[in-house]
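Presented below is the structure to which this report refers.
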Amino acid sequence: MPLVHMGDMLRHAYQHKYAIGAFDVVSLDFISGVIAAAEEKQAPVIISLAESHFEYFDFELLMAAVERAARRTWLPVAIHLDHGETLESAVRAINLGCTGVMVDASNLPLQENISRTRSVVDMAHACGIPVEGELGYVPGVEGEDAERHPGNVVYTTVGEAQAYLDATGIDFLAVSVGTVHGRMKGEPKLDFERLNEINRVLQIPLVIHGGTGLSDEQYRRLIDNGVTKINYYTALSDAAGRRMKDNGSNHAATGYTDIAKGIAGAIRQQTARCIELWGSAGKATELLEYCRPCRQVDHVILYNVDGLDTEGVNSMMQEGQRVLSAIPGVREVVTGHAVQHDASYRHCWLVRFADRAVIKSYKEHADHQRFANERFRPYAGGRVSIDFE
Ligand SMILES: [Zn+2]
């Protein structure tokens, strides 16, 4: 189970001066290509899913594939929500299996950015999940990503970054030092002096968005100045698009599988190049030893019921599934009845937590307390409850 704590991952990268790629995926081909490249290079990897891309795929369905891919490989992997806009987005991502979340309120005034970020940090940390915030603004290039990232560049300032970090408690900071979302037009100019100062003062892993189109030397200097996570999507998307155009120019290729052939391979090539360039190649084994694994906890309750008929029990279970599965850090709520008629306990709950930390935050959550005190405990006479890891 090589899903590892993303905070540990990036701390290691920060201390050893390399960067881990956070590759945005939009399809199974992207997932396969990114994982294949990471395996080839024996590198840690972050698989990202951007909320701004949710119109192109079903987040819940793709998350299931990402999680399976992450658990199947031996590499250290983290799964990250990229550009989450709200607290609700972050809760949903964690409950679907993200092991890190970004809250992007960078287009809001500082105080509003702080308060939204703070609410996500409080929730996510109570679930054992680290948070990336953004300060300053990385816009999209006109005609490309401008609709998803409208407006002009706003550079991150050191003073605001310090205030933002102090007020929010974020784990990683996405900074704006001259990159853009989409393809760079002309020679990109990056403000390394600014980055150097931010890194000197903050001393936390820094993140670059709009990683496509920089020179090898620019990447090296970013990493020298505290950048440990590089978000990368446009070049992957272009590589996939080129492959499809090439396939389509062959007149014998008419169906979907003909056109889509080889996309994973194209993604793999691009990803492998980045991994090599950013210094994370060969780091997988060392990281597996260094990072805490992400371990889910199964909260199991076996119980009998007094004073409710079968219909009453079923309606209580249905309500529980609805209410409890919305609590932050709850991956799944399963209910069941004993198959054997002479079983000592007739019913069960299995509530799956994203992390050990959720044992406490779940117990204290108002919705859980209300349900437990009003709907469950008054009727659940004999019961045993155990948390399994
Ligand atoms: Zn971004």
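Nothing in this text is a laboratory measurement; each read-out follows from the coordinates by a stated rule. Just so it is clear, the structure is predicted and the values come from calculations on it, not from any experiment. Neighbour counts run over all protein chains shown; Cβ positions are idealised from the backbone, glycine included.
Below 13 Å, Cα to Cα, which aspartates and glutamates can residue 41 reach? Residues fewer than 8 away in the same chain don't count.
276
Taking a cut-off of 12 Å between Cα atoms, list the aspartates and glutamates near residue 261, but don't count ones fewer than 8 places away on the same chain.
The reachable aspartates and glutamates, counting only those whose Cα sits under 12 Å from residue 261, are 29, 246.
Which ³J(HN,Hα) values in Hz, rounded to whole numbers, follow from the phi angles of the stretch 287-296 under the Karplus curve 6.51 cos²θ - 1.76 cosθ + 1.60, where θ = phi - 60° and Gly and Pro get x?
5, 4, 6, 7, 8, 5, x, 7, 10, 6
Karplus couplings for the stretch 334-342 from phi (6.51 cos²θ - 1.76 cosθ + 1.60, θ = phi - 60°), rounded to Hz, Gly and Pro as x?
Using θ = phi - 60°, the values come out as 10, 10, x, 10, 5, 6, 7, 6, 9 Hz.
Averaging over all projection directions, find the projected area of the Cα convex hull of the stretch 297-388 and quote it in nm² with one decimal place.
About 5.5 nm², averaged over all directions.
How big is the C-alpha Rg of the chain next to the rule-of-thumb value 2.2 N^0.38 Å, as a ratio?
On the way: Rg = 22.9 Å, N = 389, 2.2 N^0.38 = 21.2 Å.
Rounded to two decimals, the normalised Rg is 1.08.
Given the Cα-Cα distance of residue 40 and residue 326 and 0.36 nm per residue of separation, how much length would full extension add, in nm?
Once the chain is fully extended between residue 40 and residue 326, it gains 99.1 nm.
Using 0.36 nm per residue, how much length does the chain from residue 119 to residue 339 gain when fully extended, once their Cα-Cα distance is taken away?
Length gained between residue 119 and residue 339: 74.9 nm.
With a point put 7 Å past each Cα toward its Cβ, work out how far residue 309 is from residue 154 in nm, to one decimal.
Label at residue 309, label at residue 154, 6.1 nm between them.
Once you charge only the Cβ atoms, +1 for Lys and Arg and -1 for Asp and Glu, what is the size of the charge dipole of the stretch 307-389 about its Cα centre, to the nearest 20 debye? It would help to have the intermediate numbers written out before the result.
Values: 11 positive and 11 negative charges, 39 e Å.
Dipole size: approximately 180 debye.
For the chain, give the magnitude of the charge dipole about the Cα centre (Cβ charges: +1 Lys/Arg, -1 Asp/Glu; no others), in debye to the nearest 20.
720 debye
What order do you get for 74, 349 when you list them from fewest to most C-beta neighbours inside 10 Å?
74, 349
Would you please give the residues with an amide H less than 5 Å from that of residue 181, counting only those at least 5 places away or on a separate chain, with H modeled from the backbone geometry?
140, 141
Check cross-link reach from residue 229 to the lysines: straight Cα distance under 16 Å, and skip same-chain residues fewer than eight apart.
17, 283
Sorted from fewest to most neighbouring beta carbons within 10 Å, what does the list 251, 125, 80 look like?
Working: 251 6, 125 16, 80 27.
Starting with the residue having the fewest Cβ neighbours, the order is 251, 125, 80.
Taking neighbour counts of Cβ atoms within 10 Å as a proxy for exposure, in what order, fewest first, do 234, 117 appear?
234, 117
List the residues whose amide H sits under 5 Å from the amide H of residue 42, counting only those 5 or more places along or on another chain, with H placed 1.01 Å from N in the peptide plane.
Those qualifying (amide H under 5 Å, at least 5 residues apart or on another chain) are 282.
Can you list the residues of the stretch 59-94 with backbone N under 16 Å from a point 7 Å past the Cα of residue 256, pointing along Cα to Cβ?
Answer for the stretch 59-94: 61-62.
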